[in-house]
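Throughout, read-outs are computed from the coordinates displayed, never taken from laboratory work. The model shown is predicted, which means the values in this text are computed figures rather than measured ones. With ideal geometry, Cβ positions are generated from the backbone for all residues, glycine too; neighbour counts draw on all protein chains shown.
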Amino acid sequence: MISFTIEKPDTAIRKALQDKIDNLTKPKGSLGMLETLALQIGLIQQNLSPVLNKPVNIIFAADHGIADEGVSKSPKEVTRQVVYNFLNGGAGVCFLARQHGFGMKIIDAGVDYDFPPVPELIDRKIRKGTRNFRYEPAMTVPEMEQALQTGAEMVEVCYREGTNVVSFGEMGIGNTAASSMWMTCLTDVPLTECVGAGSGLDRDGVRHKCEVLQKALANYTGDRSVLHVMRYFGGYEMVMAVGGMLRAAELKMIILVDGFIMTNCVLAASRLYPEIISYCIFGHCGDEAGHKRLLDHIGATPLLSLGLRLGEGSGSICAYPVVASAVRMINEMHSFQQASVTKYF
């Protein structure tokens, strides 16, 4: 199994970073989360003047066998249709990426469709969708290993291109169901508190979804170890995101975390390597049931709460200007000494 070497940022620079932040021309702590972010980013980069270079949103797309059980309002063919919308620049995440200067990488991790060659689509298809975890494990051990390796590979490509900020997004009908299973198995939060409407289920639809997942959980006889839960219930796109996040932390990159699905990927990654949390900035608290509970479980403070539940990396990109403001604060605000202002706190 692929392994990573992830270290918490060296804290020797913390005092110097905090002194710089505290001596900017403002009351101590008055810029709130911007100060917290500036300290975190300075620690990640081990730099009193951190920089953000070439942010990229990596989207992994794959289908889920569990979708055959009617756990999503959207049919499975929507996965490939949305992939085409990504490629055509018309998806929700696309305008946000253009607005905030993000590059985009779209990866076919396991869509149940044969795409013709498209230069902008990176073909890393493992299989045409996972197996139906209602009855059997979603993927094999070699498939999980391949997914982790591919996710790490995609981040390495971005890193070599000069990126030090990476966001992760996903597309795959049924992936909120898979994420709910990860959440309940890895946190012991009752399944009913982890299951939400996904792409728009009504009350009866959510009830059916929960019943299907309860049956899948009853059939599960695994040990609830992180890797087994990932393999049994996960999607190829989710496991690739885990691999990408772990490589990004290993490379000391800033990881922007999107919604419910990507937060579950952080959960899984952090159970393997707890140090990853130091590199994560949580973009928002979404409207999907369970997301706030999951963020609280991790101990994460999201930057935004806008009622988002699109996925695709949209929430993390939407939060990026706050991150950029934190970096501008520590680099561009004058100190009391520079500005010849009497320290007033």
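Here are a few things to note about the model shown:
- Each Lys or Arg adds one and each Asp or Glu takes one away; over the other residues whose Cβ falls under 11 Å from the Cβ of Val189, this sums to -2.
- Placing unit charges on the Cβ atoms only, positive for Lys and Arg and negative for Asp and Glu, gives the chain a dipole magnitude near 700 debye about its Cα centre.
- Taking every C-alpha pair closer than 8 Å and separated by at least 6 residues, the mean separation divided by the residue count of the chain gives a relative contact order of 26 percent.
- Other residues lying with their Cβ under 11 Å from the Cβ of Leu34 contribute a combined charge of +1, Lys and Arg counting +1, Asp and Glu -1.
- Cα gyration tensor, the chain - rounded (a/c under 1.5), prolate or oblate: prolate
- Over the chain, DSSP H runs of length four or greater, each weighted -39,500 (n - 2.57), average out per residue to a 222 nm ellipticity of -14500 deg cm²/dmol.
- Taking a straight Cα-Cα cut-off under 20 Å and skipping sequence neighbours fewer than 8 places away in the same chain, the aspartates and glutamates within cross-link reach of Lys28 are Asp19, Glu332.
- Comparing Gly315, Gly243, Gly299 in a Gaussian network model of the chain where C-alpha atoms under 10 Å apart are linked, the largest mean-square fluctuation is found at Gly299.
- Residue of Ser305, Ser199, Ser314 that the Gaussian network model of the chain assigns the largest fluctuation, springs spanning Cα pairs under 10 Å: Ser305
- Furthest towards positive pole of dipole, Phe95, Cys280, Val327, structure part the chain, Cβ charges: Val327
- Looking at the chain, the DSSP beta bridges with both ends there are about 5 percent antiparallel.
- Among the helices of the chain, those built from whole DSSP H runs whose Cα atoms reach 27 Å or more along their own axis and whose mean Kyte-Doolittle hydropathy is at least -1.0 are 141-160, 314-332.
- 18 Å Cα-Cα reach of Lys105 towards lysines, excluding residues that sit fewer than 8 places from it in its own chain: Lys54, Lys125
- Total formal charge among the other residues, if their Cβ is under 12 angstrom from that of Gly259, Lys/Arg +1 and Asp/Glu -1: -3
- The longest stretch of the chain left intact once loop-based GluC sites (Glu not before Pro) with at most 15 other Cβ atoms within 10 Å are removed from consideration, loops following DSSP, is 162-345.
- Cα gyration tensor category, rounded, prolate or oblate, for segment 1-101 with a/c compared to 1.5: prolate
- Partner aspartates and glutamates for Lys15 [C-alpha distance under 15 Å; skip if fewer than 8 residues away on the same chain]: Glu35
- Cross-link pairs Lys73/Lys215; Lys209/Lys292; Lys8/Lys343; Lys128/Lys292; Lys76/Lys215; Lys252/Lys292 - those with Cα-Cα distance over 23 Å: Lys8/Lys343; Lys128/Lys292; Lys252/Lys292
- For segment 269-332, the gyration tensor built on C-alpha atoms gives an oblate shape. Its axis ratio a/c (a ≥ b ≥ c) is at least 1.5, and a/b is not larger than b/c.
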